[in-house]
């Protein structure tokens, strides 16, 4: 049965790098939220009220990515998604959608410590290599890191969760 591979973790955890590796191994494209956000909306980003602006667009992208992932599953293919679901509530919504459709779901969680992630983000900002989609400013890194809610034991119960 086809499966959805959901990749989660805080900013700078290595989600895109892991997704790219998994994509090559499984020969399935990885649908990455940051790529969609950067390509569709970066040119229109306002100078103020960025979080409200970002949140609305993030939700639209997640709905479209999920639609494509669902179509892949329905056509007999696996799907790899990296959605930047930093809260337990947002992840629970995806779990419920997968369960409602009867999709098999494996969740990969990457959680290196904050200093390792901070250095990775600084290096990615400079090098702008294969997994680069946008510059992550220091203040955004700190804010997003503070907002990350690690998966709890209760959240993992009954799920196929792999901590990397």
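Values quoted throughout were computed directly from the atomic coordinates according to the rules given, and no laboratory measurement underlies them. Since we're looking at a predicted model, the values are computed, not measured. Positions of Cβ are backbone-derived with ideal geometry, glycine not excepted, and every protein chain shown enters the neighbour counts.
Compared with the alpha-carbon gap, the fully stretched path from residue 104 to residue 116 is longer by 1.1 nm at 0.36 nm per residue. Computed over the chain, relative contact order equals 39 percent, with contacts defined as Cα pairs under 8 Å that lie 6+ residues apart. Between the C-alpha center of region 2-16 and that of region 64-121 there is a gap of 6 Å.
A Förster distance of 35 Å, applied to the separation of the beta-carbon atoms of residue 45 and residue 1, puts the FRET efficiency at 0.30.
When the Gaussian network model of the chain links Cα atoms closer than 10 Å, the mean-square fluctuations of 137, 29, 112 top out at 137. Here the Gaussian network model covers the chain, with springs between Cα atoms less than 10 Å apart; of 87, 152, 106, 152 fluctuates the most.
Within the set [x] 0.94; [y] 1.05; [z] 0.98, the number that Rg/Rh (Cα atoms, Kirkwood Rh) takes when calculated for this structure is listed as [x].
With R₀ fixed at 45 Å, the C-beta to C-beta distance from residue 93 to residue 24 puts the FRET efficiency at about 0.95. Between residue 161 and residue 57, residue separation times 0.36 nm minus the direct Cα-Cα distance comes to 34.7 nm.
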